[in-house]
Amino acid sequence: MAEKKLYSMQTNEEIIEELTKDFKSSCVKEDKTKSVEQENSETKSSKDDPWENIGKNPEEEEEDKKNEKVDTAQDLIEEDLSDEEELKDRDLNLSENDKELLKTEAEFLRKEANSQFNSGEFETALSMYSQALKICPLCFTEERAFLFANRAAAKCKLPNEKQSAIRDCTKAIQLKPNHVKAYLRRANLYEETEKFDEALEDFKKVLTFDPSHSESSYAIQRLPGLIAERNEKLKTEMLGKLKDLGNLVLKPFGLSTANFQLQQDPNSGGYSVKFNQNPS
């Protein structure tokens, strides 16, 4: 009787709250589920939207591509470092006989990769050189140097792989400091990517190993002109930007950089600034 009386004393609001609390809970869960599904749908739509790049100018699209390449290059660097760490751990548990067997297996793969390369199957060759590097023990530095140099050659034949090929050449040189082919390949890659100063140094290095190397001899005569041309272009671009900045600062005063002229002193070689109120 007391329990019945207690129930009868509940207000209408309390009774409604008790009867509908499960319904409210289910609604909240449903809303959360819908929110997550909607978020996932929007994310997927954003990734797969074929119209996403509409309205972007070519410079913006090119910048996006460059950023993607940088990420890819960083991933490759981290992957190579990870592979070497794994090899260090693995090699600690190998006997000398085991290491020799693995070296033989890696050499077999390298020869197979060379055949693929000569047949024009550059992607297959690249994959096989990479596999050989994952097999060959770290103690065989010369063998690994050849693998890195050969993998760089395969990368040279593929699009968007020049920077990665340069890194492979550098690795080959670190392992085998007199690796002439690696120096020469890196020199050409540097020139192709307009790193003329680095290319010049590598061609000079080749000549220390082979003073009669005609390609390098021609390059060290040709590259200084390209370096001077590039530096002049950079100087012109820099002066143009400085001029634009100067005009921006002087505009509120009704002036421009045309009001100021540099005059060189023939005796000292120094410069003085001359103000011209009415430039022609």
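The values are calculated or read from the model by the stated rules, or taken from the named source; none is laboratory data. As the structure is a computational prediction, the values presented were derived from the model and not from experiment. Using ideal geometry, Cβ is built from the backbone for each residue, glycine included, and neighbour counts are taken over all protein chains shown. For the accessible areas, the whole protein counts, side chains as well, though only heavy atoms, and no ligand, DNA or RNA atoms are used. Shrake-Rupley method; radii C 1.70, N 1.55, O 1.52, S 1.80 Å.
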task: Could you tally the net charge around Leu207, taking each other residue with its Cβ under 12 Å from the Cβ of Leu207, Lys/Arg +1 and Asp/Glu -1?
output: -2
Rounded accessible area of Lys162 (nearest 10 Å², 1.4 Å probe): 80
task: Would you work out the relative contact order for the stretch 160-277, in percent, from Cα pairs under 8 angstrom that are 6 or more residues apart?
output: 13
query: Within the set Lys103/Lys176; Lys134/Lys205; Lys176/Lys205; Lys99/Lys162, which residue pairs have Cα atoms separated by over 25 Å?
result: Lys134/Lys205; Lys99/Lys162
query: Nearest 20 debye, what's the magnitude of the dipole of the stretch 128-235 about its Cα centre given +1 on Lys and Arg Cβ and -1 on Asp and Glu Cβ?
result: 320
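Answer rounded, prolate or oblate for the stretch 229-280, using the Cα gyration tensor with square roots of eigenvalues a ≥ b ≥ c: rounded when a/c is under 1.5, else prolate when a/b is larger than b/c, else oblate. Let's see the in-between values first.
On the way: a/c = 2.79, a/b = 1.12, b/c = 2.49.
It comes out oblate by the Cα gyration axes.
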field: Label-point separation, Glu121 to Phe253 (7 Å along Cα→Cβ), nm
entry: 7.2
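Set the bar at 31 Å for Cα to Cα. Now go through Lys171/Lys241; Lys171/Lys235; Lys88/Lys204; Lys88/Lys155; Lys111/Lys171 and name every pair that lies beyond it. Each step should come with its number before you reach the end.
Values: Lys171/Lys241 39 Å; Lys171/Lys235 34 Å; Lys88/Lys204 35 Å; Lys88/Lys155 26 Å; Lys111/Lys171 20 Å.
Correct reply: Lys171/Lys241; Lys171/Lys235; Lys88/Lys204.
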- prompt: Given the C-alpha centroids of the stretch 88-151 and the stretch 197-244, what is the distance between them in whole angstrom?
  reply: 35
- request: Could you state how much accessible area Lys233 has, in square angstrom rounded to the nearest 10, with a 1.4 Å probe and all protein chains kept in place?
  value: 130
- prompt: Among 104-111, 145-152, 116-123, how do they line up from the highest to the lowest mean number of other beta-carbon atoms within 10 Å?
  reply: 145-152, 104-111, 116-123
